[in-house]
């Protein structure tokens, strides 16, 4: 019988170390569009989305056009990004313990597949689901659970941003976070995820103890 226990993973900043490249690309993009570049990475990681938009002079009315354009720029550049050290081993250990893996990301599935193949990790995931919208993961999480025949009560979404927590709760799924991605542990604590992992190796115990 297929295991019902399903881990749904965010990709950028959670599995793949894409933040340094994304920040470099954002700063170039911001200068072209007249926005404020990210000059203090630590400060930016402490910001909510609303705070980031205000601090970097991005009008809310421009978000529907600006972020899809930026995401297209990022997607064309991160196909060979590394996975965080230790992540492949953690995924394999969790799978050996009966957990299934899927990815639900704002990135494009083709880019994710290329990155996984580059990191010899393509065999670890049953499916990769992407969304073209900055927000919209909640719907995709629900779709993925149905597609894989799992039950929400035995699923867990893992991400690195406040909006990952919001998406999981919209989908009525428990959520854990990692502190090595976009948002800091201090900011993630304010939305009370099930756990915050500080090292990839921490994930195994934190997940199994839920």
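The values are calculated or read from the model by the stated rules, or taken from the named source; none is laboratory data. Bear in mind the structure is a predicted one, so any value in this text is a computation, not a measurement. Positions of Cβ are generated from backbone atoms using ideal geometry, with glycine treated the same way; all protein chains shown enter the neighbour counts.
For region 161-171, check the following and say yes or no: at least one residue is outside any helix (DSSP H, G or I), buried (at least 20 other Cβ atoms within 10 Å of the Cβ) and in contact (Cβ under 8 Å) with a residue 24 or more places away in the chain.
First pass over region 161-171, keeping only residues outside any helix (DSSP H, G or I): 161, 171.
Next cut, buried (at least 20 other Cβ atoms within 10 Å of the Cβ) only: 161, 171.
When the remaining residues are screened for being in contact (Cβ under 8 Å) with a residue 24 or more places away in the chain, the result is 161, 171.
Looking for residues that are outside any helix (DSSP H, G or I), buried (at least 20 other Cβ atoms within 10 Å of the Cβ) and in contact (Cβ under 8 Å) with a residue 24 or more places away in the chain, one finds at least one in region 161-171, hence yes.
Would you check if residue 102 is surrounded by 15 or more Cβ atoms within 10 Å (Cβ to Cβ) and at pLDDT 95 or above?
Numbers: surrounded by 15 or more Cβ atoms within 10 Å (Cβ to Cβ): yes; at pLDDT 95 or above: yes.
Spelling it out, residue 102 is indeed surrounded by 15 or more Cβ atoms within 10 Å (Cβ to Cβ) and at pLDDT 95 or above.
How about region 14-26: which of its residues are under 15 Å from residue 80 (Cα atoms) and touching a strand residue (DSSP E or B) at 6+ places or on another chain (Cβ under 8 Å)?
Correct list: 15, 16, 17, 18, 19, 22.
Which residues, taken from region 196-205, are touching a strand residue (DSSP E or B) at 6+ places or on another chain (Cβ under 6 Å) and either part of a strand (DSSP E or B) or more than 25 Å from residue 143 (Cβ to Cβ) (or both)? Full working, then the answer.
Let us first name the residues in region 196-205 that are touching a strand residue (DSSP E or B) at 6+ places or on another chain (Cβ under 6 Å), namely 196-197, 203.
Across region 196-205, the qualifying residues are 196, 197.
State whether the residues of region 59-69 include one that is outside any helix (DSSP H, G or I) and in contact with a helix residue (DSSP H, G or I) (Cβ under 7 Å, 6 or more places away or on another chain). Can you show your working first?
Going through region 59-69, the residues outside any helix (DSSP H, G or I) turn out to be 59.
Filter once more, so that each one left must be in contact with a helix residue (DSSP H, G or I) (Cβ under 7 Å, 6 or more places away or on another chain): none.
Scanning region 59-69 turns up no residue that is outside any helix (DSSP H, G or I) and in contact with a helix residue (DSSP H, G or I) (Cβ under 7 Å, 6 or more places away or on another chain).
Considering region 172-186 alone, what residues qualify as being over 22 Å from residue 43 (Cα atoms) and without any contact (Cβ under 8 Å) to a residue 40 or more places away in the chain? Quick ask: steps written out before the conclusion?
Within region 172-186, the first condition is being over 22 Å from residue 43 (Cα atoms), and the residues that meet it are 172-176.
Scanning region 172-186 gives 172, 174, 175, 176.
Would you mind stating whether residue 93 is modelled with pLDDT of 95 or more and either farther than 24 Å from residue 206 by Cα or part of a helix (DSSP H, G or I) (or both)?
Values: modelled with pLDDT of 95 or more: yes; either farther than 24 Å from residue 206 by Cα or part of a helix (DSSP H, G or I) (or both): yes.
Taking the combined requirement at face value, the residue satisfies it.
Quickly run through region 70-90 and pick out the residues that are over 14 Å from residue 33 (Cα atoms) and in a helix (DSSP H, G or I).
Here is the first cut: in region 70-90, the residues over 14 Å from residue 33 (Cα atoms) are 71-72, 74-90.
Once the filter is applied, which keeps residues that are over 14 Å from residue 33 (Cα atoms) and in a helix (DSSP H, G or I), region 70-90 yields 71, 72, 74, 75, 87, 88, 89, 90.
Given (1) surrounded by 16 or more Cβ atoms within 10 Å (Cβ to Cβ); (2) over 16 Å from residue 45 (Cβ atoms), identify the lone condition not met by residue 199.
(1)
Regarding residue 181, is this residue over 15 Å from the mean Cα position of the chain (by Cα), assigned by TED's automatic domain parsing to the domain that holds residue 85, in a loop (DSSP other than H, G, I, E, B) and under 17 Å from residue 103 (Cα atoms)? Give the derivation first.
Details: over 15 Å from the mean Cα position of the chain (by Cα): no; assigned by TED's automatic domain parsing to the domain that holds residue 85: yes; in a loop (DSSP other than H, G, I, E, B): yes; under 17 Å from residue 103 (Cα atoms): yes.
Against the criterion (over 15 Å from the mean Cα position of the chain (by Cα), assigned by TED's automatic domain parsing to the domain that holds residue 85, in a loop (DSSP other than H, G, I, E, B) and under 17 Å from residue 103 (Cα atoms)), residue 181 does not qualify.
Filter region 137-154 down to the residues that are under 15 Å from residue 5 (Cβ atoms), over 16 Å from the mean Cα position of the chain (by Cα) and in contact (Cβ under 8 Å) with a residue 12 or more places away in the chain and list them by number.
145, 148, 149, 150, 151, 152, 154
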